[in-house]
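K.L.:
First the structure, then my questions, so here it is.
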Amino acid sequence: ITASGTGISYQWQLSTDGGTTYNNIAGANAASYTVSSATNAMNGNRYRCVVNGTCTPAVTSTAATLTVVAPATVTGQPANAERCSGSDATFTVTGTGSGIIYQWQLSTDGGANWTNISGATNASLTVNAVTTGMNNYRYRCLLSNATCTNPVASAGALLTVRQLPTVLLSAAPLTSLLPGQTTTLTAAPSTSTGGTLTTAWYLNGSAFSNATNSYIVNIENTGSYQVRIQEVFAGGLTCSNQSAVVTIDATVSNKLFIFPSPNDGNFTVSYYNNGGASTQRSISIFDSKGARVFSGQFPVTGPYTLIPINLQKANTGIYYVVIGDAAGKKLAEGKVHIH
């Protein structure tokens with residue numbers, strides 16, 4: 001306070017009830033008064049000074065209000081994050097204090113040095129599309145406010161980035177089949193990077209059981225194949241990926257397929273069904289003298305349906321197979337040798 005006059009003395013007073021009552025502060029008899037080690041409980045206290053001089057009466061200053069701003073403190077530390085390559089990682093800090101200012105920092109050397117992350121001034125930080133190059137990066141947050149400028153730092157949270165597993169799917173020797181032909185699909189998964197690898201096979205988008213890394217395809221299970229792979233880590237993180245789609249289709253042909261030949265009377269007949277819609281096929285079988293020894297109607301679906309024939313009671317010789325549509329119109333014919 002600044003005062004003028006003769007024989008001036010000072011007495012500082014304190015009000016803790018908003019200025020309703022004041023009490024003298026012992027020993028506070030100078031023109032200046034310092035409040036040491038202010039606490040949150042002192043917020044709102046009022047201070048005034050009574051000035052006496054040789055002449056009466058005493059005069060009283062206006063009251064000054066003490067505002068105590070709580071310094072920022074960290075009450076919740078950011079947690080470590082384990083993520084798959086390409087996904088996002090979010091770190092969150094919680095704190096108390098007045099008007100908290102946040103500044104996230106990054107360390108790429110295990111916490112020895114830290115640099116501010118531009119624009120990262122919220123309680124949460126999201127790191128988008130993490131890469132394996134970010135593995136073992138650490139993130140922390142500095143908390144401060146405008147009045148108490150000395151920041152307090154959170155603990156550094158560790159980012160662990162797992163590489164996505166991969167699987168290559170290939171077909172050999174064929175990608176287009178005729179009845180009696182097969183091809184083998186082979187899956188080549190990547191090696192484990194610390195977790196447990198599993199694969200799952202899909203045909204036309206639906207899972208099917210296959211416990212190995214290969215699968216034999218014949219004319220009856222053509223379609224679009226894919227293998228999906230996942231790696232599960234000890235902390236519960238699961239990283240997933242999938243192969244490219246490999247399509248095995250049916251080769252168009254107007255040939256009647258009869259196999260095996262020669263045979264013991266058990267053989268298979270198949271003919272291309274253009275469009276693959278469900279329909280009927282008629283089959284008639286004649287011996288070398290032209291006598292009919294077998295006839296029947298069979299449902300077909302897909303491009304080729306394998307129709308089993310049993311002529312084990314037939315005599316050894318050459319037989320002629322005629323296949324027709326649902327109305328019996330001849331589509332193709334072939335011969336088979338039974339011995």
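Read-outs: derived from the displayed coordinates by stated rules, not from any lab. Predicted, not measured: the structure shown is a model, and the values here were computed from it. Methodologically, a virtual Cβ is constructed for each residue, glycine included, from the backbone with ideal geometry; neighbour enumeration extends over all protein chains shown.
K.L.:
Quick one: Karplus J couplings for the range 29-34, per residue in order, coefficients 6.51, -1.76, 1.60, θ = phi - 60°, nearest Hz, x for Gly and Pro?
P.N.:
Per residue, the Karplus-derived 3J(HN,Hα) values read 10, 10, 5, 10, 9, 10 Hz.
K.L.:
Now a separate question. How much length would be gained if the chain were fully extended between residue 2 and residue 210, taking 0.36 nm per residue of separation minus their Cα-Cα distance, in nm to one decimal?
P.N.:
65.6 nm
K.L.:
How far is it, in nm, from the label point at residue 200 to the one at residue 147 when both lie 7 Å from their Cα along the line to the Cβ?
P.N.:
Once both label points are built, they end up 5.7 nm from each other.
K.L.:
Ok, one more. If you wrap a convex hull around the C-alpha atoms of the range 181-309 and split its volume per residue, what is the figure in Å³?
P.N.:
So the per-residue Cα hull volume is 136 Å³.
K.L.:
Also, quick follow-up: For each of 249, 287, count neighbouring Cβ atoms within 10 Å of the residue's Cβ, then give the residues from fewest to most.
P.N.:
Lowest to highest Cβ neighbour count: 249, 287.
K.L.:
I'd like the FRET efficiency for residue 98 and residue 24, computed as 1/(1 + (r/R0)^6) with the beta carbon distance as r and R0 of 45 Å, rounded to 0.05.
P.N.:
Efficiency for this residue pair is about 0.90.
K.L.:
So what is the orientation-averaged projected area of the range 220-274, using the convex hull of its C-alpha atoms, in nm²? Can you show the working numbers first?
P.N.:
Values: hull surface 28.6 nm².
Here the figure is 7.2 nm², rounded to one decimal.
K.L.:
While we're on this one: Can you work out the Karplus-derived ³J(HN,Hα) for every residue in the range 87-100? Use 6.51 cos²θ - 1.76 cosθ + 1.60 with θ = phi - 60°, whole Hz, and x for glycine or proline.
P.N.:
After applying 6.51 cos²θ - 1.76 cosθ + 1.60, I find 9, 9, 10, 10, 10, 9, 10, 10, x, 10, x, 8, x, 5 Hz.
K.L.:
Take the alpha-carbon centre of the range 286-326, take the same for the range 26-56, and report the distance between them in whole Å.
P.N.:
So the two Cα centres are separated by 116 Å.
K.L.:
Would you mind counting up the charge near residue 177? Only other residues with Cβ under 11 Å from its Cβ, with Lys and Arg at +1 and Asp and Glu at -1.
P.N.:
-2
K.L.:
Separate question: When you take every Cα atom in the chain, what is the radius of gyration, and what is Dmax, the widest Cα pair distance, in Å?
P.N.:
Spelled out, the Cα radius of gyration and Dmax of the chain are 43.9, 152 Å.
K.L.:
A further question on this structure: Within a Cβ distance under 14 Å of residue 109, other residues only, what is the Lys/Arg minus Asp/Glu net charge?
P.N.:
After counting each charged neighbour, the total is +2.
K.L.:
Oh, and also: Near residue 139, within a Cβ-to-Cβ distance under 15 Å, what is the net charge of the other residues, with Lys and Arg +1 and Asp and Glu -1?
P.N.:
0
K.L.:
In which sequence would 185, 203 go, from the one with the fewest C-beta neighbours within 10 Å to the one with the most?
P.N.:
Ascending number of Cβ neighbours within 10 Å: 203, 185.
K.L.:
Report D for the range 98-165 in µm² per second (integer): Stokes-Einstein, Kirkwood Rh on Cα pairs, 20 °C, 1.002 mPa s.
P.N.:
166 µm²/s
K.L.:
In Å, what is the Rg of the alpha-carbon atoms in the range 257-338, and how long is Dmax?
P.N.:
That works out to 12.3, 37 Å for Rg and Dmax.
K.L.:
Please give the Cα centre distance for the range 57-104 versus the range 142-208, rounded to the nearest Å.
P.N.:
39 Å
K.L.:
So if we plug the beta-carbon distance of residue 295 and residue 190 into 1/(1 + (r/R0)^6) with R0 = 51 Å, what FRET efficiency do we get, rounded to 0.05?
P.N.:
0.40
K.L.:
A further question on this structure: List the relative contact order of the range 107-171 as a percent without decimals, with contacts defined as Cα pairs under 8 Å and 6+ residues apart. Walk me through the numbers on the way to the answer.
P.N.:
Details: 64 pairs, mean separation 19.8, N = 65.
Computed value for the range 107-171: 30 percent relative contact order.
K.L.:
Continuing with the same structure: List the relative contact order of the range 167-250 as a percent without decimals, with contacts defined as Cα pairs under 8 Å and 6+ residues apart.
P.N.:
About 36 percent, as a whole number.
K.L.:
Just to be sure I understand: if I project the alpha-carbon convex hull of the range 141-238 onto a plane and average over all orientations, what area do I get in nm²?
P.N.:
Convex hull of Cα atoms, orientation-averaged projection: 10.1 nm².
K.L.:
Be a star and scan the range 2-37 for residues whose amide nitrogen sits under 17 Å from the point 7 Å along the Cα-to-Cβ vector of residue 55.
P.N.:
Under cut-off, by backbone N: 3-9.
K.L.:
Still on this model: For the range 98-221, calculate the relative contact order in percent as a whole number, restricting contacts to Cα pairs under 8 Å that are 6 or more residues apart. If you can, show how the numbers build up before the last one.
P.N.:
Numbers: 194 pairs, mean separation 23.5, N = 124.
That works out to 19 percent.
K.L.:
While we're on this one: Calculate the spin-label point distance for residue 168 paired with residue 9, positioning each point 7 Å from the Cα along the beta-carbon direction, and give it in nanometres.
P.N.:
Taking the two extended label points, one gets 9.8 nm.
K.L.:
Say the dipole of the chain comes from +1 at the beta carbon of Lys and Arg and -1 at that of Asp and Glu; which of 288, 151, 244 then lies farthest toward its positive end?
P.N.:
Projecting each Cα onto the dipole axis, the largest value belongs to 288.
K.L.:
Would you mind ranking 148, 55 so that the residue whose beta carbon has the fewest other beta carbons within 10 Å leads the list?
P.N.:
Least to most surrounded, the residues fall as 55, 148.
K.L.:
What percentage of all Cα-Cα pairs in the range 73-122 are separated by more than 15 Å?
P.N.:
For the range 73-122, the fraction of Cα-Cα distances above 15 Å is 60 percent.
K.L.:
For residue 253 and residue 220, compute 0.36 nm times the residue count separating them, minus their Cα-Cα distance, and round to one decimal in nm. Don't skip to the end; give the middle numbers.
P.N.:
Values: separation 33, 0.36 × 33 = 11.88 nm, distance 1.53 nm.
Full-extension gain reported as 10.3 nm.
K.L.:
Per residue of the range 42-49, in order, report the coupling 6.51 cos²θ - 1.76 cosθ + 1.60 (Karplus, θ = phi - 60°) as ³J(HN,Hα) in whole Hz, putting x for Gly and Pro.
P.N.:
Each residue of the range 42-49 in turn: 7, 4, x, 4, 10, 10, 9, 10 Hz.
K.L.:
Could you tell me the convex hull volume per residue, in Å³, taken over the Cα atoms of the range 9-65?
P.N.:
82 Å³
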